[in-house]
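A short write-up of the structure that comes next.
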Amino acid sequence: MTNHWADLQNAKVFLIEGSNAAENHVMSMKWIRKAQEKGAKIIHVDPRFNRTSSIADIYARIRPGADIAFLGAVINHVLQQGLYDAEYVKLHTNALLLAKDEFALEDGVFTGYHEDKHKYDTASWAYDLDAATQKPKKAASLDDPRCVFSKLKAHFARYTPEVAEEISGVPAEQVKLIAETFANNRPGTILYALGMTQHTVGIQNIRCYGILQLLLGNIGKAGGGVNALRGEPNVQGACDMSVLNGYMFGYINAPNHNHPTLEAWTKDNGTFRRKFTVNGLKAWFGENATAENDFGWRWLPKKNGAKDYTVFGMIDDAYAGKLKLLWAVGQNPMVTNPNLNYVHEALSKLDMLVVQELWDTETASFWQRPGADPKAIKTEVLLLPAAYFMEKEGTISGSGRLVQWRYAAVKPPGKAKADLEIIDTVFRKVRDLYAGSTDPKDEPLAKAVWNYPAEHTAEAVLQEIGGRVLSEVTLPDGKVLKPGAFVGGIGQLQADGSTSSGAWIYAGVFGGGKNLSKRRDAKTDPSGLGMFPGFAWTWPGNMKILYNRASCDADGKPWPGTTPLVWWDATEKKWKGVDTPDVPDATKGPETPEGQRAFRMNGEGIGRLMAAVYKDPDAKEKGLPRDGSYTPKDGPFPEFYEPIESPVANVLHPKAQHNPCVKYPRVPGKQPVGTAKDFPYVLMTSSIAEHWCAGSTTRNVPWLNELQPECVVELPTQLAEKLRVKGGDKVRVSSARGEMVVKAVVTKRMQVMKIAGQDVPVVWMPYNWGFKGLSTGPSTNVLTIDAVDPGAGTQETKACLVNVVPVEEAVAQR
Amino acid sequence: MSISRRNWLKLTAGGGTGLALAELGFSASKVQAATGHLKLTGAKQFTTACNFCSCGCGMVCNVVDGKLVNLEGDPDHVINQGALCSKGAAMQATHESDRRVKTPLYRAPGSDRWQELSWEEALEKLARKVKDVRDSTWIATERDGDVEYPVNRTDAIGFLGGAQNTNEECYLWNKMGRLFGTNFVEHQARL
Ligand code: SF4
């Protein structure tokens, strides 16, 4: 989240699309309802009329996978009607920067496409740079046809309300009403979850949100923002800690094979991030990491730049017999991964599977899956009993980036152990097995700092994450940091190895030598906005609202008519506020370049309406970039593409039906694609209020099973009538990948939609069941497709094609 | 709690398709009043946060003689102010459940059953496997065009998980994975 949970109370309008917050992020409703009591409007856009829809002021039914068609039209309406915040757009976004003339979109494909590789050469998606400074040239007004703003307008001009209706099913008049309601009530916030990301256009869906909020000046303000409601309790923290193949040390790109040195890596990633990398390497390798040995760079494993290291690459490699050992902790892919029959085959080819869990899950017992022959499965399996959250201590970071300490209240049952202890023990054992080795490959194990105390282990690890002063540092203001102290914040981290931090964004969590995640002041809220700065600790730097510099104008004064968050105090010569100011340096005022970088994590320092390819040159180190900006692989602007399995042709450009960057199937024979002829209905899946994700935990709680005893399929009334199916009848749901039998729920919540002149029935299923636990049942993910977004690697579980037929016996019994 | 489980079920399920269940949330005062009936005198209180969704609702564990006698929403918490949803309110059952795995288990190749192992045996097996796989699949260098690059990795070990773990566990999990030489370090974020 750019903002945080309690900040939802400050919004005047909500656009909730791709989330059923009322069921899946229940506590958000506490704050959304508060805002609603004060008059805020709620817009809910969803293929299914659910509990969130029932409290919405406007509910729009949308076809799964058609979000860009709808949002493109909302953006277009905002642009055409002049509903945007022109001053904010000019100051805080790249609207005025000049883009290259070569850049274009033709028949749904951007310039630079290589069809054979499913890839773009992105050179033309760039700015027109000034030859001397290598910085983008700037237009005098938004009307300049070469500027980003004009390109944006031209790009979205095709997305008329009528086109949106044809593709998405949202009536044209409602598209306009939503655009106007959202634009005319500010600040407005956007909430989304997996409903928006689990598509082959997941990143571009979210890019639409970024563009819309930048146009409306809603980023960096209380009650605004783009807020991802993340699924798992610590999915935020797991990402922060780089449990993602592509990152290290907190969203720092992990090295590829062609980065043999830190310098080679810096050429691609910039000097700004190099500093944090050095701090990370110091945290991992301590005194063994020196400037002379490139801070131990050679001890990092380098990825093959062309290889897929996501969970889908893992499954594909397991199936190919290349991945030998898979170790899963608290994750149950035999329920939650799509295309489950294939996942089962892949697991069956592993040498060893290790599962660290509270329960015996579908993954741990995959060899017992109904229909499987255990004798034929040669995989060794270890099931290690893990402690649950109330049985151990440590921190988690929720969606609002609040890092909270949890105390261990009770001992784990039986011989179960905390994951921290298991990980620590295994590492030491492996290190011992290599003791005395002189093979360079084993150096990382010997050179790493890994000697955590047996007591208070979690706190010791948090100290390493937060960072230490290693040798004396004198800060620009004359303050001296002594070796052994904990760093007070990101600003104290040094580029030369005199400080360390395992994840720079958490620098300062031990500021002043105290574990700030333990703070409990739920009473003091000087802002009156629900920030409570003395309760736990928020990364980065206890900042509650990211990009809050954008809440001010060029002079550092809060925009007129807005709630002041931060401001430049000309007398004290300092950025001040009720929140930690999001500026590179609190002493550098609006007259300096640093004082104008409201989006300082972008190379340009401003918000990106066009995600142009850009590297900001380093003023001091010639030839190296200071920082770069992320450009999605599939385009600098979002473009609508149909899901891989879709019942209709792409209305905008039939030649580019799907996202051109998606390669699917990846594994011939294992990833079949169904067509509407055999599988005429669109299936979307999601979780429910009573069961959670794989259901490993919730399906072992008797009263949650009483509330939601089994998996079902929700069918629109019109479809059920056609199929002669009544509520409670058993039906067989099938896709190109698998089939299952469940009871039907006949409901008006789902509808047959009118798309591109065709009738398109949309059905829904929860995905929380499997063959283990107290409540067992078939897993919906045998049906779903494992095509993924080319950049994010999220699978398209929100839209695939299925067929539904009544089960004969059930009909006969009636 | 003064609301019996049955009544609670009625109260929640009675909401039908509306928001009653999802929005139920036990108000702080109700929970405090209700818990007053339980003999919590002498109970030690520990604060924690829910482990289902990412709202991060605060919880208070009441412990008597090492036993978890009550778990409820934390009234002094800035996100939930004492309330919990249907899932969060069910958390106590997860600690007490007799379905928890309580000892390391092993399933041999081709076997149709689990067998119990000691921790020492289990972790020894795992550590040896890590070493064997690492040693037999190590990629020291890799050619791209005309250049032979040092890459120092294995692509044969996969780490999966983290979103159910603490930050400290995630940090060590990732650190261990990369030190072993694998980049297959992933968790639920994409699922
Ligand atoms: S109590 Fe409910 S809303 Fe709160 S964190 Fe747990 S699952 Fe989420």
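The values are calculated or read from the model by the stated rules, or taken from the named source; none is laboratory data. Here the structure is a predicted model, which is why all the values come from computation and not from measurement. Glycine also receives a Cβ, built like all others from the backbone with ideal geometry; neighbour counts cover every protein chain displayed. Just the protein is used for accessible areas: all its heavy atoms, side chains included, with ligands, DNA and RNA removed. Shrake-Rupley method; radii C 1.70, N 1.55, O 1.52, S 1.80 Å.
Give the cross-link partners of residue A:730 among the lysines, using a straight C-alpha distance below 20 Å as the criterion and excluding same-chain residues fewer than 8 apart.
Those lysines meeting the cut-off are A:722, A:743, A:748.
Before we go on, tell me the buried accessible area for the B/A pair, both chains summed, 1.4 Å probe, in Å² to the nearest 100.
Heavy-atom accessible area buried at this interface is about 13500 Å².
Sticking with the crude label model, points 7 Å out along Cα→Cβ, report the distance from residue A:57 to residue A:456 in nm, one decimal please.
5.2 nm
Within region A:15-103, which trypsin sites (Lys or Arg not before Pro) sit in a loop by DSSP and count at most 13 neighbouring Cβ atoms inside 10 Å?
A:38
State to the nearest 20 debye the size of the charge dipole of region B:138-190 about its Cα centre, where the only charges are +1 on K and R beta carbons and -1 on D and E beta carbons.
Magnitude of the dipole: close to 180 debye.
Residues of B:74-83, mean number of Cβ from any other protein chain within 10 Å of their own Cβ, rounded to a whole number?
Counting Cβ atoms of other protein chains within 10 Å of each residue's Cβ and averaging gives 6.
Below 15 Å, Cα to Cα, which aspartates and glutamates can residue A:34 reach? Residues fewer than 8 away in the same chain don't count.
A:7, A:57, B:23
Based on DSSP H runs of at least 4 residues, each adding -39500 (n - 2.57), what is the mean residue ellipticity at 222 nm of chain A after dividing by all its residues, to the nearest 500 deg cm²/dmol?
-6000 deg cm²/dmol
With a ≥ b ≥ c taken as the square roots of the eigenvalues of the C-alpha gyration tensor of region A:681-813, please select rounded if a/c is under 1.5 and otherwise prolate if a/b is larger than b/c or oblate if it is not?
Oblate, since a/c reaches 1.5 and b/c is not below a/b.
If I ignore ligands, DNA and RNA and count only protein heavy atoms, how much of residue B:176 is accessible to a 1.4 Å probe, in Å² to the nearest 10?
So the heavy atoms of residue B:176 present about 0 Å² to solvent.
What shape does region A:574-621 take by its C-alpha gyration tensor, where a ≥ b ≥ c are the square roots of the eigenvalues and a/c under 1.5 counts as rounded, a/b above b/c as prolate, and the rest as oblate? Intermediate results must be reported in sequence, preceding the final value.
Values: a/c = 2.81, a/b = 1.52, b/c = 1.84.
Oblate is the answer for region A:574-621, as a/c is 1.5 or above yet b/c matches or exceeds a/b.
What is the protein assembly as shown by shape, rounded, prolate or oblate, if you read a ≥ b ≥ c off the alpha carbon gyration tensor as root eigenvalues and call it rounded for a/c under 1.5, prolate for a/b larger than b/c, and oblate otherwise?
Rounded is the answer for the protein assembly as shown, as its axis ratio a/c remains below 1.5.
Got a number for the accessible area of residue A:261? Probe 1.4 Å, square angstrom, nearest 10.
Ignoring ligands and nucleic acids, residue A:261 comes out at about 60 Å².
Could you work out the relative contact order of region B:82-167? I mean the mean sequence separation of Cα pairs under 8 Å and 6+ apart, divided by the number of residues, in percent.
Normalised by residue count, the contact order of region B:82-167 is 15 percent.
Hey, got the dipole for the protein assembly as shown? About the Cα centre, +1 on K and R Cβ, -1 on D and E Cβ, debye to the nearest 20?
1600 debye
Under a cut-off of 17 Å between alpha-carbon atoms, report the aspartates and glutamates in cross-link reach of residue A:479, not counting same-chain residues fewer than 8 places apart.
The qualifying aspartates and glutamates are A:585.
Can you tell me the accessible area per residue over chain A, all protein chains present, probe 1.4 angstrom, in square angstrom?
34 Å²
Over chain A, what is the relative contact order in whole percent, taking alpha-carbon pairs under 8 Å and six or more residues apart?
Result for chain A is 15 percent.
Using 0.36 nm times the number of residues separating residue A:521 and residue A:115, minus their current alpha carbon distance, what extension gain do you get?
140.5 nm
If we sort A:545-552, A:179-186, A:482-489 on the protection proxy, mean other Cβ atoms within 10 Å, highest first, what's the order?
Numbers: A:545-552: 26.6, A:179-186: 19.4, A:482-489: 17.1.
Result, highest mean first: A:545-552, A:179-186, A:482-489.
Over what distance in Å are the Cα centres of region A:764-813 and region A:607-684 separated?
Taking the Cα centre of each part, region A:764-813 and region A:607-684 sit 24 Å apart.
Counting only other chains, what is the mean number of Cβ atoms within 10 angstrom of the Cβ of each residue in peptide A:309-319?
That average works out to 4.
Determine the relative contact order of region A:1-128: mean sequence separation of Cα pairs under 8 Å and six or more apart, normalised by residue count, in whole percent.
Reported relative contact order: 15 percent.
Where q = 0.18, 0.20, 0.26, 0.34 Å⁻¹, what log10 of I(q)/I(0) comes from the Debye formula for region B:152-191, counting one point per Cα?
Debye curve over Cα of region B:152-191, log10 I(q)/I(0) at q = 0.18, 0.20, 0.26, 0.34 Å⁻¹: -0.46, -0.55, -0.85, -1.14.
With a 1.4 Å probe and every protein chain kept in, tell me what percent of the accessible surface of the protein assembly as shown is carbon plus sulfur.
The value for the protein assembly as shown is 51 percent carbon and sulfur by accessible area.
Per-residue counts of other Cβ atoms within 10 Å, averaged by peptide: what ranking do you get for B:147-160, A:106-119, highest first?
Listed from highest to lowest mean packing, they are B:147-160, A:106-119.
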